[in-house]
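S.K.: My structure is below; once you've seen it, I'll send some questions.
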Amino acid sequence: MNNQHCRLYLLTPPRIDDVPGFARTLEEVLSAGNVAALQIRLKDASDAHLRDCYNAIAPIADAHNVAILLNDRVDLAKALGADGVHLGQEDMPLRDARAALGKDAMIGITAHDSRHLAMLAGEGGADYVAFGAFFESATKMPKTTATTELLNWWSELFEIPCVAIGGISAENCTPLIQAGADFLAVSGGVWNAPGGPAKAVQDFIAAISKA
């Protein structure tokens, strides 16, 4: 089975202290394989630091045709000209984010392990829904645990893409791909990989092609 439709969706590390250093690493990572999107997820960062990170990252992402989304921050996404935002269930309502960012912005919604939340997001015009966590994660304490059955159900019934997130590595991602995940959202599985981030992306691409 060829799963070339499944692509990588990277999340930044929780902290970026060395912005130029991260930019250099990102160039290597995006040069290593086909990445669809990059979410800037720096929960405790100041607005100034978020702007610095975005300004360093954006040219690199653009050069590799990688979409940039900001986590939670609709206001900054609009001000900086990001491609979109990812919203959790406690963040700005989808309808308000769409009104602020316009019809062309990419807006993703966390659905946890809930079919109901996913359907609400789809009906509300989300561009993708994110299910998880599928595995234990060192990056974020998951609120819910999702199963591959959820990915199967969504992919069979709905055209809106689904994202699998939570503790995903090149070694454990195959069942998620086979279940219908359109994107694998990965943070620690790339940035903290023993062989380095660029090698991790290559390993993910290989796993996707073999699934």
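FYI, it's all coordinate maths here, none of it is from the lab. Just so we're clear, the structure is a prediction, and the values are computed from it rather than from any experiment. Here the Cβ positions follow ideal geometry from the backbone for every residue, glycine too, while neighbour counts run over all protein chains shown.
S.K.: Sequence neighbours fewer than 8 away in the same chain don't count; with that in mind, list the lysines whose C-alpha is under 17 Å from K103.
M.R.: Straight-line reach from K103, under 17 Å: K78.
S.K.: Show me the GluC sites (Glu not before Pro) within the stretch 42-151 that DSSP assigns to loop and that have at most 11 other Cβ atoms within 10 Å of their Cβ.
M.R.: Filter output for the stretch 42-151: E90, E136.
S.K.: Here is a further query. Round to the nearest 0.05 the FRET efficiency obtained for E123 and E28 when R0 = 30 Å and r is the Cβ-Cβ distance.
M.R.: 0.15
S.K.: Estimate the FRET efficiency between N172 and S46 by the formula 1/(1 + (r/R0)^6), using the beta-carbon distance for r and 30 Å for R0, to the nearest 0.05.
M.R.: So, using R0 = 30 Å, E works out to roughly 0.30.
S.K.: According to a simple spin-label model (label point 7 Å from Cα along Cα-to-Cβ), what is the distance in nm between A206 and N55?
M.R.: The two pseudo-label positions are separated by 4.0 nm.
S.K.: Ranked by Cβ crowding within 10 angstrom, fewest neighbours first, how are F204, F135, F183 ordered?
M.R.: Least crowded to most crowded, the residues run F135, F183, F204.
S.K.: Which of these, L176, L157, L94, has the largest mean-square fluctuation under a Gaussian network model of the chain (Cα springs below 10 Å)?
M.R.: Highest fluctuation of the listed residues: L157.
S.K.: Pick from Q178, Q39, Q89: which is most flexible by mean-square fluctuation in a GNM of the chain where alpha carbon atoms under 10 Å apart are linked?
M.R.: Q89
S.K.: Using Cβ counts within 10 Å as a stand-in for footprinting exposure, how do H116, H86, H64, H5 rank, fewest first?
M.R.: Final ranking by Cβ density, sparse to dense: H116, H5, H64, H86.
S.K.: Hey, how many Å between the Cα centroid of the stretch 101-126 and the Cα centroid of the stretch 1-68?
M.R.: Each part's Cα centre sits 22 Å from the other's.
S.K.: Let me ask something additional. Given R₀ = 25 Å, what would the calculated FRET efficiency be for A138 paired with L76, taking r from the Cβ atoms and rounding to 0.05?
M.R.: E between A138 and L76, to the nearest 0.05, is 0.40.
S.K.: Moving on to the next point. Please identify the longest segment of the chain free of exposed trypsin sites (Lys or Arg not before Pro), where exposed means a DSSP state other than H, G, I, E or B and no more than 16 other Cβ atoms within 10 Å.
M.R.: Here the longest run is 144-211.
S.K.: Express in nm, to one decimal, how much length is gained between D104 and D18 on full extension, taking 0.36 nm for each residue of separation and deducting their alpha carbon distance.
M.R.: 27.8 nm
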